[in-house]
Amino acid sequence: MSASIDRDGSVDPGGDDLRMAPDRMLDLAHRAAELLVERTDGLSAEDAWDGEFRDGLAPLLMGEPPEEGLPAEEVLERAAREILPYAARLDHPRSFGFVPTAPTWPGVLADFMAAGFNINVATWLTASGPSQVELAVIDWFRRWLGYPEGADGLFTSGGSAASVDAFVAAREAAGHPERATAYMSDQTHIAVRRAAMITGVRPEHVRTIASDDQFRLDMEALRSAVADDRAAGLNPIIVCANGGTAGTGAVDPLEAMADYCESEGIWLHVDAAYGGFAVVAEQGRRLLRGIERADSVGLDAHKWFFQPYEAGCLLVKDASTLQNAFGIRPDILQDTIWGANHPNLADRGIQISRSFRALKVWMSVQIFGMAAFRRAVSKGMELAVRAEEHVRNSPVLEVLSPVSLGVVCLRVNPADGGLGEETIETINRTVLARVFWEEPALMSSTLLKGTFALRLCIINHTTTWDDVRETLEAIERFGREALAAEAPR
């Protein structure tokens with residue numbers, strides 16, 4: 001029986017209660033788009049963060065769901081005014097905390113369209129066109145990295161899932177040995193350590209390798225750890241390199257690590273979730289030289305390729321390593337098999353039901369072109385270099401690590417201050433809090449070999465030098481005031 005739906009969205013009780021009339025659907029979609037464009041257009045006038053305590057939000061949002069539906073416009077407005085603003089505005093031009101993203105509008109529209117078309121990129125049967133687009137975009141990534149023909153991969157929810165997929169592939173390629181060991185830097189993201197745990201590497205067999213004074217993995221320490229483990233009867237299965245750490249942007253010695261892993265027969269995975277897309281720019285390609293020799297690489301297009309969440313990705317040098325690890329033929333999916341030339345992407349990773357993540361990258365690149373993306377990535381690196389110069393020229397600030405990719409680590413510590421480490425940390429924690437509460441910018445902190453550091457990640461394509469400079473000037477101003485408060489009376 002067809003549903004009877006009135007122009008105002010009301011339905012015949014005997015019809016389909018979950019449908020809307022086409023005109024009504026268009027009205028609501030138009031209003032949702034207006035709200036999004038209004039937000040984006042006014043973003044720079046807002047703070048980079050807004051939040052509310054749970055005691056303030058719970059009375060608004062907890063409770064029983066309505067038994068009968070509410071007016072749709074009212075629900076849209078409520079979401080736009082009472083829920084979505086209470087979050088980090090990661091696309092704000094002064095959002096420098098963590099690793100932010102500033103998604104393109106075509107990327108946003110792609111997610112809307114993919115959801116509306118109700119795509120499940122599990123198998124070729126359920127999504128042949130979307131599967132082909134995912135293969136095409138993965139091939140773009142392959143060529144940007146310098147991977148050979150025969151390399152392949154898939155989109156994932158993000159770097160965490162990509163790391164799990166990589167660990168499974170590495171474990172299977174090694175023959176699923178007992179007493180497996182994994183190796184990663186003391187700067188490696190927690191998602192990689194978690195992937196080791198999920199895939200069965202015992203915590204005591206996850207080796208944390210020291211980094212050098214530039215926060216790059218120490219090769220001698222790696223060689224020593226592997227040799228000791230082999231002598232003890234353990235089985236090294238994977239070495240994890242950083243293709244741009246989240247903490248400092250440091251890139252591990254990828255070529256030396258590739259040489260070593262090849263000689264030892266150990267899988268090399270590069271976690272390039274943050275920094276990997278820097279390869280589209282010449283400066284980034286130089287920094288990441290050697291990444292093309294890794295057995296697997298994790299990338300996040302929802303970081304430095306300006307896409308909405310979620311847009312992670314894993315590439316492997318040998319496509320069969322994923323198929324061997326994940327390919328299973330259950331009876332319920334037997335009708336989806338179209339042969340070797342029609343791959344089922346669900347056979348390459350942990351997900352079976354999969355959203356159409358590749359469409360946002362495909363649409364964004366088709367509309368803007370690669371030259372625009374190269375300029376946007378280069379701009380982030382150039383702003384980070386200018387920020388480092390500003391810090392080095394400041395009588396109040398100190399650079400704590402060499403700028404790499406788009407990350408700047410610094411602290412308030414005047415050269416003639418003569419302050420103890422405890423006092424310096426207290427001052428910088430005060431500065432961090434004041435920027436958070438009093439400035440439009442959002443920045444974060446990290447610990448660099450035990451030293452408290454202020455951290456700016458500058459990768460937003462809408463960020464200007466004024467945004468960076470004024471944030472650094474606020475850090476200097478708050479730093480001077482904190483220093484004055486600490487001065488003996």
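The values are calculated or read from the model by the stated rules, or taken from the named source; none is laboratory data. This one's a predicted model, so the numbers in the text were calculated from it and none came from an experiment. Positions of Cβ are generated from backbone atoms using ideal geometry, with glycine treated the same way; all protein chains shown enter the neighbour counts. For the accessible areas, the whole protein counts, side chains as well, though only heavy atoms, and no ligand, DNA or RNA atoms are used. Shrake-Rupley method; radii C 1.70, N 1.55, O 1.52, S 1.80 Å.
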At q = 0.23 Å⁻¹, what base-10 log of I(q)/I(0) does the Debye formula yield for the range 263-327 when every alpha carbon is treated as an equal point scatterer in vacuo? -1.01
Positive dipole terminus of the chain, leading residue within VAL164, GLN214, GLY276 (C-beta point charges): GLN214
Listed residues GLY69, SER131, LEU234: farthest to the positive end of the dipole of the chain (Cβ charges): LEU234
Looking at the range 146-293 from every direction and averaging, what is the projected area of its Cα convex hull in nm²? 8.6 nm²
Taking only the Cα positions of the range 389-489, the convex hull volume per residue in Å³ is 99 Å³
Column: log10 I(q)/I(0), Debye, Cα scatterers of the chain, q = 0.13, 0.14 Å⁻¹: -1.29, -1.39
From zero outward in steps of 5 Å, how is the percent of C-alpha pairs of the range 29-102 spread across the bins? 3, 13, 20, 21, 18, 15, 7, 3, 1
Hey, how many Å between the Cα centroid of the range 42-79 and the Cα centroid of the range 221-241? 51 Å
Cross-link reach from LYS449 to lysines, straight Cα distance under 28 Å and at least 8 residues apart if same chain, gives LYS303
Just how large is the dipole of the range 331-447 about the Cα centre, in debye to the nearest 20, putting +1 at every Lys and Arg Cβ and -1 at every Asp and Glu Cβ? 580 debye
Where in the chain lies the longest segment free of GluC sites (Glu not before Pro) that are both loop residues by DSSP (not H, G, I, E, B) and have at most 10 other Cβ atoms within 10 Å? 179-489
In square nanometres, what is the average projected area of the Cα convex hull of the range 76-187? 11.9 nm²
Calculate, in whole percent, how much of the Cα-Cα pair population of the range 224-291 lies beyond 19 Å. 38 percent
If the chain between ASP139 and GLU46 were fully stretched, how many nm would it gain, using 0.36 nm times the residue separation less the Cα-Cα distance? 29.6 nm
Which of SER320, PRO100, THR463 sits closest to the plus end of the dipole of the chain, meaning its Cα is farthest towards the positive end, when Lys and Arg get +1 and Asp and Glu get -1 on the C-beta? SER320
Nearest 5 is fine: what % of DSSP beta bridges in the chain come out antiparallel, could you say? 60 percent
Rolling a 1.4 Å sphere over the protein heavy atoms, what is the accessible area per residue of the chain, to the nearest Å²? 47 Å²
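Ratio of the range 20-147's C-alpha Rg to 2.2 N^0.38 Å, to two decimals?
Values: Rg = 19.0 Å, N = 128, 2.2 N^0.38 = 13.9 Å.
Scaled against compact globular proteins, the figure is 1.37.
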Percent RCO, i.e. relative contact order, over the chain, from Cα pairs under 8 Å lying at least 6 residues apart: 19 percent
In debye, nearest 20, what is the charge dipole magnitude of the chain about its Cα centre with +1 on Lys and Arg Cβ and -1 on Asp and Glu Cβ, if you could check? 1260 debye
Heavy-atom accessible area of the chain with neighbours in place, 1.4 angstrom probe: carbon+sulfur share in percent works out to 53 percent
In the range 266-382, what % of DSSP beta bridges are antiparallel (nearest 5)? 55 percent
Calculate the dipole size of the range 17-96 relative to its Cα centre from +1 charges on Lys and Arg beta carbons and -1 charges on Asp and Glu beta carbons; express the result in debye to the nearest 20. 300 debye
Sequence gap at least 6, Cα distance under 8 Å: using those rules, report the relative contact order of the range 336-489 to the nearest whole percent. 22 percent
Give the distance, in whole Å, between the Cα centre of the range 144-203 and the Cα centre of the range 404-419. 34 Å
